[in-house]
Each structure stands twice: as C-alpha cells, then as structure tokens.
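This report concerns only the one structure given below.
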Amino acid sequence: MPNDDDPRPGEVRGKLLCIEDNPINMAFVEALVGDLEGVSLIKATTGNEGVRLARAERPDLVLLDMHLPDLGGLEVVRILNVEIASGLKVVILTADSFSMDVIKAMSLGACEYWVKPIDGRRLRDGVTRYLRPPKRASQS
C-alpha cells in the first residue's frame, strides 16, 4: 500500500542549497528550480554562510560557486568533508573550464562540475537527477 508521504514516480523532493555570490546567477537558479514543487531552495552568498547553512539545514544537494568573496569553493569543500563523506552531494559551478582547484574539489568528494554560463536544461536535469528519490523494489 503506497504511503501518502512517498513521492510520485518522477517527482523530485529535497533541499537545494545554492552558494553563489552573483545575483544574476542566483536568480537564474531560482527561476529554473522555482516550479519544482518538492524542492526547497536555500540561498547563500558567501562561503561561510554556505557552510553554516549546509550544517544547519542539511540540504540534499549543494550548488557551489568556486569563486566566492570570502572562501573559495575548494575551501568550502574541505570544510564540509564530514558532510560530504556522509552523503552530501556537492556540484561545483565554475567559469574555469578545468582548473587545479576543480580537480582538487572533485578529489575531495564533489560529484560533478558544471561550467558557467550554465545551460538551463543541464542545471534543471542535474538538480532533478540528484533530488529524485531512488527507486524502491516493489513488494509482492
């Protein structure tokens, strides 16, 4: 018997933390995920604020800009190493096609990197993929 709290097939649900200091990029993310009913968007504009919110809100996915005004994205990944090891998914957002910091962030547990300017379809598809609940085996 289905549980009313279980999401419908294909439905996405979860908390998305976007750590981005550029207001245009933040508005872009907000517009692309705003109509995903089950997604709660949490916004941070600095690395320190992002770390605080990641620990307080326990998001399911973090979109992390590599160039923030206080901490770099690599430093944020290093600080959140326990959370990442416990299953926090972090996607790097960067204008650098492939820098040493991106390589290091990936080696520390970031799961993907998306090059800016980010294609809207790629962002939405990626968020949907990470926030879609896993398929459960049917019970007979």
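What number of residues within the stretch 5-22 are at pLDDT below 95 and either β-branched (Val, Ile, Thr) or under 20 Å from Val77 (Cα atoms) (or both)?
Initially, the stretch 5-22 is screened for residues at pLDDT below 95, giving 5-13.
Still in the list and also either β-branched (Val, Ile, Thr) or under 20 Å from Val77 (Cα atoms) (or both): 12.
Going through the stretch 5-22 one residue at a time, the tally reaches 1.
Among the residues of the stretch 55-81, count how many are in contact with a strand residue (DSSP E or B) (Cβ under 6 Å, 6 or more places away or on another chain) and closer than 10 Å to Leu17 by Cβ.
7
So if I check each of Leu64, Leu131, Leu93, which one is buried (at least 18 other Cβ atoms within 10 Å of the Cβ), at pLDDT 90 or above, out of contact with any helix residue (DSSP H, G or I) (no Cβ under 8 Å at 6 or more places or on another chain) and among the hydrophobic types (A, V, I, L, M, F, W, C)? Step through it out loud before you land on a result.
On the way: Leu64 fails: out of contact with any helix residue (DSSP H, G or I) (no Cβ under 8 Å at 6 or more places or on another chain); Leu93 fails: out of contact with any helix residue (DSSP H, G or I) (no Cβ under 8 Å at 6 or more places or on another chain).
The match here is Leu131.
The values are calculated or read from the model by the stated rules, or taken from the named source; none is laboratory data. Treat the numbers as computed from the prediction; the structure is a model and nothing was measured. Cβ coordinates were reconstructed from backbone atoms using ideal geometry, including for glycine residues, and neighbour counts include every protein chain displayed.
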